[in-house]
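Beneath this line is the structure, given in structure tokens, with notes to follow.
The values are calculated or read from the model by the stated rules, or taken from the named source; none is laboratory data. What you are looking at is a predicted structure, and each value in this text was computed from that prediction instead of being measured. Every residue, glycine as well, gets a Cβ built from its backbone with ideal geometry; the counts of neighbours run over all protein chains shown.
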């Protein structure tokens, strides 16, 4: 008997993360693995691989098909990498839980460190944040578009399309890919919500919310929702080079963030503390935008 249906994208990483959620649900509710059905849903973002995400519709390309499946009651919940979930969600969708957060850092594949990259090296990435951060550290680098799942990007690197690439350590670890060198967060602050797996349900589905809520890891939810509050207050989108990381000690949240110009020549950073994640995110966003030069402010629409 199928007790619950989980929707997910079809990439190896997405399937792995869906299996993590399935296992957590089974452990929480005493179910067998075959009582949770995994429904693979191919998204527009998976189909279009030759253009930057910001050029073809942004992060909604990862979520809209899963949103439709939730609305049509074809699935009970959807599993997402939270960094791929757009900041403003449809009213019918609610984030019900997040798993414990994994390694938040970026990993560099192709060199031991950013400093060790050869002069005028070519680095592949599709992330405006990573591009801006790399160029701020190494203006001599050439950054080219790399899209696709983890294995696709590693294959492009192996084929010589670039000297190096950057991937999230969390995804590599979940797939068992022991490659690359982790970059400290004081050198490259990660994307908001990087390393977090979230589960969404219909906002009016109390049963699904209760089932999924049983596997929520509150510390991860508190930190990721604080980072997302910053994004909302900034009016950030896929074109906006922004990095953020929240941490929790007791009841105290600390949020660090930086905004960059597209070419990395301009940067503003700051931090804020408090117990209310939404307030912290809004306060830090206002502070950063107030101090940011015009080249950065134009990339945000608060």
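Here is how the numbers come out for the structure above:
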quantity: Subset of the stretch 63-91 (residues that are in contact (Cβ under 8 Å) with a residue 12 or more places away in the chain, out of contact with any strand residue (DSSP E or B) (no Cβ under 6 Å at 6 or more places or on another chain) and not in a helix (DSSP H, G or I)); calculated: 73, 74, 81, 85, 86, 87, 88, 89, 90, 91
quantity: Number of positions in the stretch 145-171 that are in contact (Cβ under 8 Å) with a residue 40 or more places away in the chain and either in the same structural domain as residue 255 (by TED's automatic domain parsing) or over 12 Å from the mean Cα position of the chain (by Cα) (or both); calculated: 14
quantity: Some residue of the stretch 172-179 being free of Cβ contacts under 8 Å to residues at least 40 places away in the same chain, under 30 Å from residue 136 (Cα atoms) and either in contact with a strand residue (DSSP E or B) (Cβ under 8 Å, 6 or more places away or on another chain) or assigned to a loop (DSSP other than H, G, I, E, B) (or both); calculated: yes
quantity: Residue match in the stretch 199-209 (condition: assigned to a strand (DSSP E or B) and within 19 Å of residue 170 (Cα to Cα)); calculated: yes
quantity: Residue 236 vs. criteria modelled with pLDDT under 95, buried (at least 17 other Cβ atoms within 10 Å of the Cβ) and outside the structural domain of residue 129 (by TED's automatic domain parsing); calculated: yes
quantity: Lone qualifier among 166, 187, 172 - being farther than 30 Å from residue 96 by Cβ and surrounded by 18 or more Cβ atoms within 10 Å (Cβ to Cβ); calculated: 166
quantity: Odd one out for residue 50, checked against (1) over 25 Å from residue 236 (Cβ atoms); (2) at pLDDT below 95; calculated: (1)
quantity: Given (1) over 18 Å from residue 17 (Cβ atoms); (2) touching a helix residue (DSSP H, G or I) at 6+ places or on another chain (Cβ under 6 Å), index of the condition residue 215 fails; calculated: (1)
quantity: Among the residues listed as 277, 250, 264, the single one being closer than 15 Å to residue 227 by Cα and modelled with pLDDT of 95 or more; calculated: 277
quantity: Subset of the stretch 148-163 [buried (at least 18 other Cβ atoms within 10 Å of the Cβ) and within 23 Å of residue 198 (Cβ to Cβ)]; calculated: 149, 150, 153
quantity: Test result for residue 258, under 19 Å from residue 299 (Cα atoms) and either surrounded by fewer than 21 Cβ atoms within 10 Å (Cβ to Cβ) or out of contact with any strand residue (DSSP E or B) (no Cβ under 7 Å at 6 or more places or on another chain) (or both); calculated: no
quantity: Search result, residues across the stretch 210-244 that are assigned to a loop (DSSP other than H, G, I, E, B) and farther than 20 Å from residue 99 by Cβ; calculated: 235, 236, 237, 238, 239, 240, 241
quantity: Extreme residue, surrounded by the most Cβ atoms within 10 Å (Cβ to Cβ), among residues of the stretch 261-288 that are free of Cβ contacts under 8 Å to residues at least 60 places away in the same chain and in a loop (DSSP other than H, G, I, E, B); calculated: 266
quantity: Among the residues listed as 143, 85, 79, the single one being farther than 29 Å from residue 213 by Cα and in contact with a helix residue (DSSP H, G or I) (Cβ under 7 Å, 6 or more places away or on another chain); calculated: 143
quantity: Selection within the stretch 126-143 - at pLDDT 95 or above and in contact with a strand residue (DSSP E or B) (Cβ under 8 Å, 6 or more places away or on another chain); calculated: 129, 130, 131, 132, 133, 134, 135, 136, 141, 142, 143
quantity: Matching residues, the stretch 103-139, being surrounded by fewer than 19 Cβ atoms within 10 Å (Cβ to Cβ) and within 18 Å of the chain's Cα centre (by Cα); calculated: 103
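Listed here are the residues, each with its yes/no results for (1) within 30 Å of residue 3 (Cα to Cα); (2) over 15 Å from the mean Cα position of the chain (by Cα).
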| position | (1), (2) |
| --- | --- |
| 182 | no, yes |
| 213 | yes, yes |
| 216 | yes, yes |
| 219 | yes, yes |
| 230 | no, no |
| 241 | no, no |
| 248 | no, yes |
| 272 | no, yes |
| 284 | no, yes |
